[in-house]
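Notes follow the structure.
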Amino acid sequence: MCLPGRLRHRLRLTAAPTWLKEREILLELKMATDDYNRGDMDIEAQKSMYVGTMKAGAWGAIITLIMLAYATFTLSMGMQWIIALALCAGAGVVIGLGMGFGGAWIATIVALTGLALFVQLLITLFQLLL
């Protein structure tokens with residue numbers, strides 16, 4: 001008889017006659033397989049988790065792409081920071097709307113643009129102090 005490993009282990013640990021334990025385990029297996037009907041499980045929770053994970057991954061990838069583009073424009077190409085910021089923010093909004101991210105995406109891009117303006121203001125102030 002071919003039994004799964006944990007059931008074979010369970011047979012060895014019992015003091016009762018093995019034929020009795022084998023019968024009990026086979027009944028447990030039969031009951032476990034009778035409860036399952038293929039296609040009956042509600043998968044909405046798994047589906048929404050998968051969709052949310054994919055959307056979060058896409059958000060993170062696009063935000064990283066925008067940050068790298070901004071750094072490339074300002075540091076490597078010598079573009080003015082305000083022009084690079086406007087270009088990257090505009091591209092972020094267009095890409096997000098094209099991918100169907102909605103209003104939360106636009107709010108995120110606006111907040112990140114505000115953060116970039118604040119950081120640039122701090123850089124300008126510290127340059128004045130030096």
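The values are calculated or read from the model by the stated rules, or taken from the named source; none is laboratory data. If you're wondering where the values come from, they're calculated on a predicted model, not measured in any experiment. For neighbour counting, all protein chains shown are included, and Cβ atoms are generated from backbone atoms with ideal geometry for every residue, glycine included.
Descriptive notes on the structure:
- Of the criteria (1) modelled with pLDDT under 95; (2) under 23 Å from the mean Cα position of the chain (by Cα), which one Ala61 fails: (1)
- Filter pass, Ala69 being surrounded by 12 or more Cβ atoms within 10 Å (Cβ to Cβ) and free of Cβ contacts under 8 Å to residues at least 24 places away in the same chain: yes
- Only residues that are part of a loop (DSSP other than H, G, I, E, B) and farther than 30 Å from Lys55 by Cβ were counted across segment 80-130, and they come to 2.
- Of the criteria (1) on the phi < 0 side of the Ramachandran plot; (2) modelled with pLDDT under 75, which one Gly39 fails: (1)
Conditions tested, residue by residue: (1) modelled with pLDDT of 95 or more; (2) touching a helix residue (DSSP H, G or I) at 6+ places or on another chain (Cβ under 9 Å).
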position	(1), (2)
Thr72	yes, yes
Ser76	no, no
Gly100	no, no
Ala111	yes, no
Gln120	no, yes
Leu128	no, no
